[in-house]
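Here the structure comes first, spelled out in structure tokens, and everything after it is commentary.
The values are calculated or read from the model by the stated rules, or taken from the named source; none is laboratory data. Since this is a predicted model, take the numbers as computed values, not measurements. FYI the Cβ positions are ideal-geometry reconstructions off the backbone, even for glycines, and counts take in every protein chain you see.
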Amino acid sequence: MTVMTPKSGTQDTSPILSVRDLKVHFAIPGKGLFAPDRQLKAVDGVNFDLYPGETLGVVGESGCGKSTLGRAILQLIAPSGGQVAWLGKNIVGSPHREMQPLRRDLQIIFQDPLASLNPRMTIGEIIAEPLVTHKPELGKEEIKARVKRMMARVGLLPQMINRYPHEFSGGQCQRIGIARAMILEPKLIVCDEPVSALDVSIQAQIVNLLQELQREFDLSLIFISHDLSIVRHICHRIMVLYLGNVMELADRDNIYANPRHPYTKALISAVPIPDPEIERNKERIVLTGDLPSPISPPSGCVFRTRCPFAKDKCASEVPKLDRVSDTQEVACHFHDSL
Amino acid sequence: MMNKSEKTAMLEAAGAPVEIEGRSLWRDARIRLFRNKAAVGSMIILGIITLLAVFAPLLSPYAYDQIDWGYIQEGPNWENGHIFGTDGNGRDLFIRVLFGARVSLAVGLLATSVSLVIGVTYGAVAGFFGGKIDNIMMRFVDVLYSLPFMFFVIMLMVVFGRNIFLIFVALGAVEWLTMARIVRGQTLSLRRREFIEAAHATGVSNFKIIFRHIIPNVLGPVIVYMTLTIPQVILTESFLSFLGLGVQEPLTSWGVLISEGAKVIEASTWMLIYPAVFLALTLFCFNFIGDGLRDALDPKDR
């Protein structure tokens with residue numbers, strides 16, 4: 001399997017998370033009373049490694065399986081196949097008892113900040129819940145002290161500890177969500193579109209907070225987003241998903257400067273440039289049509305139905321992820337000729 | 001005495017950051033409820049009726065089963081102490097109405113609490129686990145639902161004899177079904193919410209998720225349904241007593257008193273009017289409180 005290093009100087013470290021051929025298929029009842037169940041392939045054979053302190057961006061349009069991938073890694077949705085190796089040990093299908101101690105290293109931040117907080121609990125109780133679950137031996141006073149310390153760390157006033165989620169703004173709620181995720185000092189946080197529900201000025205604050213925390217605690221992040229500008233700002237490597245398949249996986253500079261997959265090219269050409277002169281004259285690749293149904297994906301390359309360069313081979317053969325350079329992999333038959 | 005804000009100001013001046021008390025959704029609801037005049041009035045009236053029922057023996061010189069041979073089926077009379085009159089056996093109606101209140105309110109509260117505990121737990125478990133477990137549990141509820149209630153009560157009476165506890169059992173056994181369905185529906189919509197997912201991600205046990213995250217969030221509709229169940233249960237008990245399936249003489253309930261009063265409606269109207277007024281008043285009060293609670297707990301749904 002390919003091993004790509006995110007940053008120079010970390011060549012010898014081994015990945016903390018290795019995902020191999022991960023599949024999440026949902027059974028959808030067939031049409032008609034006795035029709036067999038159909039398979040919805042939300043995630044269909046995803047491979048990647050994640051290194052300590054690294055941020056991996058996962059981008060793609062709505063419904064491409066980004067969130068499902070994030071939840072499958074955390075075993076919140078049971079994967080239908082493949083492996084998720086955490087620190088070298090496969091955790092797919094682990095019983096609840098074995099998963100429990102691992103949960104303190106694996107956390108998640110959600111898209112909707114308010115919906116991710118229980119409206120009937122004070123934020124002190126919300127942030128303390130992971131501690132109460134995993135370290136009940138600490139005692140009330142110590143837990144409260146730690147909660148206050150973490151609140152201060154993420155930019156909340158510690159005296160707000162007895163307030164309720166509805167008394168906070170969206171950005172503050174997201175800080176509460178981050179505090180809850182950080183209180184156990186985990187090694188990996190899956191950020192499921194953490195800023196897309198916030199306005200732009202707050203987005204920058206939250207992204208900067210995540211970056212600070214990452215440096216401070218040597219966190220690894222899986223940053224799911226559809227905002228390519230933010231992904232570019234925060235991520236070391238970027239994975240492009242389409243219909244549950246990896247299209248391209250490369251480090252940040254490569255993917256923006258030199259995208260190889262036609263889908264990546266289209267995505268990146270859609271990012272607005274804050275200069276009207278360049279913006280007006282730049283070449284845009286406009287995709288036609290919609291995302292095909294993941295219940296009956298196209299044969300061969302899943303992107304071929306919308307690909308402006310599709311040829312016969314694309315319909316018959318599934319493209320493999322090809323190494324095109326040390327830091328770039330592309331799943332396209334014709335990446336050399338395009 | 002120092003009031004709270006002064007205290008806060010002083011502490012802040014001393015450099016200590018003070019923990020600010022949040023306003024929970026429950027407190028918001030309570031404030032809204034106490035602004036509702038009908039609900040507050042109903043609570044006061046219900047409180048008075050409850051106090052009367054509790055302290056009934058102290059309020060009348062007569063006992064509920066004591067026959068006053070001098071006044072048989074006489075109208076209300078302040079001078080001899082029979083302020084609501086007496087019934088056909090010469091028993092004081094005032095004390096009998098209050099003892100009827102004891103039975104009716106006790107049936108209402110007990111049967112509702114039984115249905116609350118069973119229904120909420122059952123519904124939350126079914127909704128939370130979903131899938132096959134949910135299917136089996138809810139089909140069981142459907143089967144019980146399809147049991148004719150009167151038939152069920154009569155069978156119980158035949159097998160176990162007439163007993164006030166059978167009324168509790170019968171009513172509780174029927175009322176929790178609706179409660180379970182309501183809670184299940186609410187739980188189904190809650191369990192995919194992100195804060196439940198966050199609890200799963202942290203490794204909180206299923207048991208704790210149900211009791212810490214799900215039940216507090218379904219309690220709003222449950223409380224409303226509960227206040228509307230109490231009058232329904234009281235009414236059902238009255239109905240059963242009216243048919244002669246309820247409490248045993250000389251103990252009485254509002255249903256029994258109304259039934260006796262209805263037989264002599266032309267000769268002695270007071271025997272019907274007093275228990276009927278108490279019953280109607282209580283039902284009104286519970287319904288107003290239920291309405292008030294619904295508005296208070298769900299301000300968007302007005």
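Side notes on the structure shown:
- Residue tally, condition of a type in the set (A, V, I, L, M, F, W, C) and outside any helix (DSSP H, G or I), over the range B:173-216: 1
- Which listed residue is at negative phi and free of Cβ contacts under 8 Å to residues at least 40 places away in the same chain, from B:Ala276, B:Ala267, B:Ala296: B:Ala276
- Within the range B:147-166, at least one residue is part of a loop (DSSP other than H, G, I, E, B), modelled with pLDDT under 85 and of a type in the set (D, E, K, R).
- All of (1) within 21 Å of the chain's Cα centre (by Cα); (2) of a type in the set (A, V, I, L, M, F, W, C); (3) more than 10 Å from every other protein chain (Cβ to nearest Cβ) hold for B:Phe211 with one exception: (1).
- Among the residues of the range A:163-192, just one is at pLDDT below 90 and of a type in the set (Asp, Glu), namely A:Glu167.
- Scanning the range A:123-132 for residues that are touching a helix residue (DSSP H, G or I) at 6+ places or on another chain (Cβ under 8 Å) and more than 17 Å from A:Gly155 (Cα to Cα) yields A:Glu129, A:Pro130, A:Leu131, A:Val132.
- Some residue of the range A:73-96 being within 22 Å of A:Leu241 (Cα to Cα) and within 8 Å of another protein chain (Cβ to nearest Cβ): yes
- Scanning the range A:118-139 for residues that are part of a loop (DSSP other than H, G, I, E, B) and surrounded by 15 or more Cβ atoms within 10 Å (Cβ to Cβ) gives A:Asn118, A:Pro119, A:Arg120, A:Met121, A:Thr122, A:Lys135.
- In the set A:Gly124, A:Gly177, A:Gly170, only one residue is away from every other protein chain (no Cβ under 11 Å) and among the small types (Gly, Ala, Ser); that residue is A:Gly170.
- Residue check for B:Val125: under 30 Å from B:Val277 (Cβ atoms) and crowded, with 20+ Cβ neighbours inside 10 Å: no
- Helices (runs of 4 or more DSSP H) wholly inside the range A:242-338 that include at least 2 residues being more than 23 Å from A:Val231 (Cα to Cα) and either in contact (Cβ under 8 Å) with a residue 60 or more places away in the chain or over 26 Å from the mean Cα position of the chain (by Cα) (or both): A:276-281, A:312-316
- Single residue of the range A:140-167 satisfying the filter (over 26 Å from the mean Cα position of the chain (by Cα) and not in a helix (DSSP H, G or I)) that is farthest from B:Ser24 (Cα to Cα): A:Leu157
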